[in-house]
Structure formats: C-alpha cells, structure tokens
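The values are calculated or read from the model by the stated rules, or taken from the named source; none is laboratory data. Just so it is clear, the model here is predicted, and its values are computed rather than measured. Counting neighbours? That spans all protein chains shown, and the Cβs are built from the backbone with ideal geometry, glycine included. Surface accessibility is based on the protein's heavy atoms, side chains included, excluding ligands, DNA and RNA. Shrake-Rupley method; radii C 1.70, N 1.55, O 1.52, S 1.80 Å.
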Amino acid sequence: MDLHDKEIVSREILPVVIIGNGPSGICLSYLLSGYTPYLSPEAWHPNPLLHSKLRENPHLSLLEQDLEYLCEGLEGRSSNPMAVLFDSLLLPDSDFGLDHTSPLEWRYEPERAVPHLVLGKGPPGGAWHAMEGSMLTLSLANWMELPGLKLKDWMRDKRRNLRNDRATPAEIASYYQHYVSKMSLEQNFACGTTVTSVTRQPGNQEGLPPCWRVTGLQRREGEVLGDGSSVSEEVPFSLLAHNVVLATGTHDIPARLSVEGESLPFVCHSFWELEAAISRGELDQTSDPVLVVGAGLTAADAVLAAHHLNTPVYHAFRRSVTDPGLIFNQLPKLLYPEYHKVHQMMTQQQHQHTPPLQEHARNLDSHSTPSSSSPRPPSSSNNSFSTSYLGYLSFPCHRVVAFKPDRKCILESDSGEQTVVQVSKVLVLIGSHPNLSFLEDNGRSLGINPEEPISCRRNPIEVDPFTNRVIGAEGPGLYAMGPLVGENFVRFLKGGALAIASDFTKRQSAKREEEAVTTDTWLDRRVSTQRAAEVLTS
C-alpha cells in the first residue's frame, strides 16, 4: 500500500495501525482480516481439562470465549498464559515431540474483519529477511508457522527439504512473505515505512475524538536513471488511529558493553560484520584470535563460523557453563548438535589462572602476546589451543574491562583476576534492544521498570496478560506484542495476537450492545410519548 503524501482527513480515523510487519504483525493481521478460530466438531484435545472447557461453548469462536478461564491450569514454556493457551491449541503436546492435530478449525468470516494497516521497514517477515540464510533456526519448523498454512506443506510444494526438522531463516522469511500473499493480506501492508512519532491526540471542537497520531516516512522508487536504476525517496505520511499495536521486535539496536575502547574499528556488534570480514579474506588460520563476547545463540554461530575457517577463537561470557539459565543447557542435544558442540568447547577448554612460574611455558603455545606483568595472558588447563578443538579457548565468568588501540583486550574474572588477550577482531554479541525512538523517551515509561530502557529479557513492556493492553499508556488503545513483551519465539508470540484480536472482538460486541440499548431506549420513549399523546386527545 502506498501512503505517498497521505494525510488522513480530520474525521477519518483508522480502527487499528500495527507497527511492525514481522510474524507478530502478520499473525494479528490474519486474525483481524476475518479468519476466525472455532473448535472443530470432531476435535479432541489431549488435555482433558482444556478439552472439557472447550466443549462448553462450541458455538462460540475462540475470540468470543472467556480466555482467562481457558488459561487456568495450563502450563508451558512461556510465562504468558495466552501464549501457552494458543500454543496448546495450535500444537497440542508439541513439547513432548508429539504431532497431534489441532482441535481448531479456521473459518473466513469477512463480517468480523477489522480494518487495519500494518507498517514495516522492509517486506513482510521483518527481521527474518536480514538473517543469515544458511543457518538453521533454533525452533522446529512447525513452531515457526502461522495459523492456516502448514510450513511443511509449503516447503514440500517448493520441493525443499527440512534438515533435522528445522528450516533456514531465508526459508522462513520467504514463507512469511508468501503467507501474506496466500491469505490475501497485502492490501493491509504498507512496506518501506519508518515510523517517526506516535502521540496521543486530544479531541477537538470539530468532533474529532481522542485518538493516536502515527507519522513517519515511506520509501518509494523515484525517477528512473539512464542506466536503468532508480532513485529512491522518502515521503511523509500521517495517520490517525483508534488503536495502535507495537509489534516491532527487538533486533534494531545491538546491545553494548559500555566499556573503554568499544568504538574502536576492530570491535563489531553484528554477526554480519564477521561474515563481511570473512568474505574480504581478512580472517584465516594465521590470524590472531577473534574474541567473541556473549553466550547466546548468535555468539555460538560466530564461534562456529570462525572455527570453520580454522581462525582461532577466544570466547568470553559472564555465566558459568553449568548455569541452568545458559541457553545451551536448555536445548536437546539430538536436535541441536552444532550448539551442543559449542557447549562442549565452552566446557572442555576453559581458561585457567596460571601461576607466574608456569606462564612462560604456557605462552610458547599461545596465540596471545606474552606479558610478564599483571594482567596476565591466557592459559588453559588443556594447554591452550593444543586440544581436540584446535584454536578455541573459553573464558567463563569473565567480563570485558577495556579494548585498547593495539588490539589488546583486558578481561576480568568474577574473582578480580585480569587477563590480556591479543585479537584480530572482537564480536560483541550480547543481545539487542528495540528501536522505540518514535515514543517519548524511547517508551521507557511503558516498561515493567520505568527507570530502565525497554529490553525483551530484562525490562519488557508491561501489558495486561489477557488483552495485551499497555498498562502505562497515556490513553486507551495502545497494545504491545511479541519480543517487546518478552516473547522471543514465534510459537508463543501468536498468543499476543489472539489476546488483542479477542479484545477487539469483545469491545465491538459491547459497543453493539450499547448501541442496541440506546436504540431500544429511544424507541421505548417514543412509544410512551405517542401513547401519552393519544390519551390526552381521547
């Protein structure tokens, strides 16, 4: 949809504007377009309590039912009750590796559709289009799919094979883009848009009710040059909406360590910068080690990429390798062999403090620059790099103190011991933050802790768990979903779409009932007036 030079006239207000066109925004658009979930007449759910509750009102769509009641007693891998409920209905017992048929059937009911607009910087699929196409996704393929279109069926139609029941990010991105087309949602999507401001508008004397104003820029192709290329330009747009849904994800701004030297040119904050260095031939087995900072899956991907080139790697992270919160301790070994390998490396080849008399011998086999003064160069209980995993050394329970212009990095353990490492490049991969610059103070007041910036893991946006309404909003009609509220996995962010769509449905129903009552009252008064007039004239 082209928003070129669009300024909504004073009395035209869109019911819903969704900011973000990743899987969160796509799933909500599907539900708002009239696709409605019902309990299938032949349905059976393996959870007997939930099955019994669903049978109580089989004539009602899921959007009309008491979802809080349905959530009671359910347990799952998410702390969000709506996420657990919808996941249980879409993929019953999937945590146990079972493939039960969903008890839901989807009916297209266009009369239920809520007009809406989905804004996104790129094509539908959001950040998935920027991810490396050769890596496998963390989740199983069916966990990545959206309602109404089986990912495996789509893959089969494309004659692609799933490896280890997992797909690549490039395939997932293509699936989401195809999903929007397949479900005829394109008319609701305005791509190439960057939102610059979301503000609450008061009502005015002309009858305009309080609402939200969404302004920004939309990129479009301009004049075609002689060589066939075109010049893109950004044009402004301004929209008014009764409801705004924040669904931007959290991959916009890489998290930083905030230490000395972090802005030096050899310090990077993106996996793609490693790939660029590899493609330019800057790294090989003769290079000084690459320092990877972080213990998440992106950091593990960086370790694997460097290790594949036989480039030596130092790996520093704050947690212990046995910490249950470490993601590697939560992944089944058979499903994620590559990440299990990284965890083995982290565990088996740890840096150990070396007494001063042993330092010189250790340094002979080390890629680090020898140093006789504190802080000390690295060493390993497995004789540094001369082990089964050549060229790798981990630094558990360490933090970065500083980066120096001569490419030396100072690491410090929890006990206060400092170590100097000589590196060729540093990859700081410790997560990312959402870009909420279009909100006042970057949306900080909306977080669970208003004193801290919004963060998916540490400080998500606080919402009502059964409607996803933002608790700290300055007016009604502001919602948030997906990673912004702590749901990183596609299988669980769909619960937010259900919560928001259900809230819209119930609000519409309440409004119709209110209008019906008002009409009935007016008719009753009119009849009473007519009867009184008849009595007076008789």
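The table for this structure:
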item	result
The range 231-259, residues that are over 23 Å from R213 (Cβ atoms), of a type in the set (S, T, Y) and open to solvent by 10 Å² or more (accessible area, probe 1.4 Å)	S232, S258
Residue check for E275: open to solvent by 10 Å² or more (accessible area, probe 1.4 Å), touching a residue at least 12 places away in the same chain (Cβ under 8 Å) and under 14 Å from Y389 (Cα atoms)	no
Test result for G443, open to solvent by less than 20 Å² (accessible area, probe 1.4 Å), at pLDDT 70 or above and either on the phi > 0 side of the Ramachandran plot or acidic (D, E) (or both)	yes
Residue, most open to solvent (accessible area, probe 1.4 Å), within the range 39-86, restricted to residues that are in a helix (DSSP H, G or I) and among the hydroxyl-bearing types (S, T, Y)	Y69
Index of the failed condition, L390 passing every other in (1) at pLDDT 80 or above; (2) within 26 Å of the chain's Cα centre (by Cα); (3) in a loop (DSSP other than H, G, I, E, B)	(2)
Residues within the range 291-303 that are closer than 20 Å to Q422 by Cα and in a helix (DSSP H, G or I), tallied	3
Long-range neighbours under 9 Å by Cβ, at least six apart or interchain, first residue open to solvent by 30 Å² or more (accessible area, probe 1.4 Å) within the range 454-483, second assigned to a loop (DSSP other than H, G, I, E, B) and charged (D, E, K, R)	R458/E452; I471/E462; I471/D464; G472/E462
Leading residue by the ranking (farthest from G125 (Cα to Cα)) among those in the range 190-222 that are surrounded by 16 or more Cβ atoms within 10 Å (Cβ to Cβ) and small (G, A, S)	G216
Hey, D93 surrounded by fewer than 18 Cβ atoms within 10 Å (Cβ to Cβ), over 16 Å from G148 (Cα atoms) and under 25 Å from the mean Cα position of the chain (by Cα) or not	yes
Test set (1) over 22 Å from F271 (Cβ atoms); (2) touching a Lys or Arg at 6+ places or on another chain (Cβ under 8 Å); (3) open to solvent by 10 Å² or more (accessible area, probe 1.4 Å); (4) at pLDDT 85 or above - T419 fails condition number	(3)
Conditions (1) in contact (Cβ under 8 Å) with a residue 12 or more places away in the chain; (2) in a loop (DSSP other than H, G, I, E, B); number of the one not met by G325	(1)
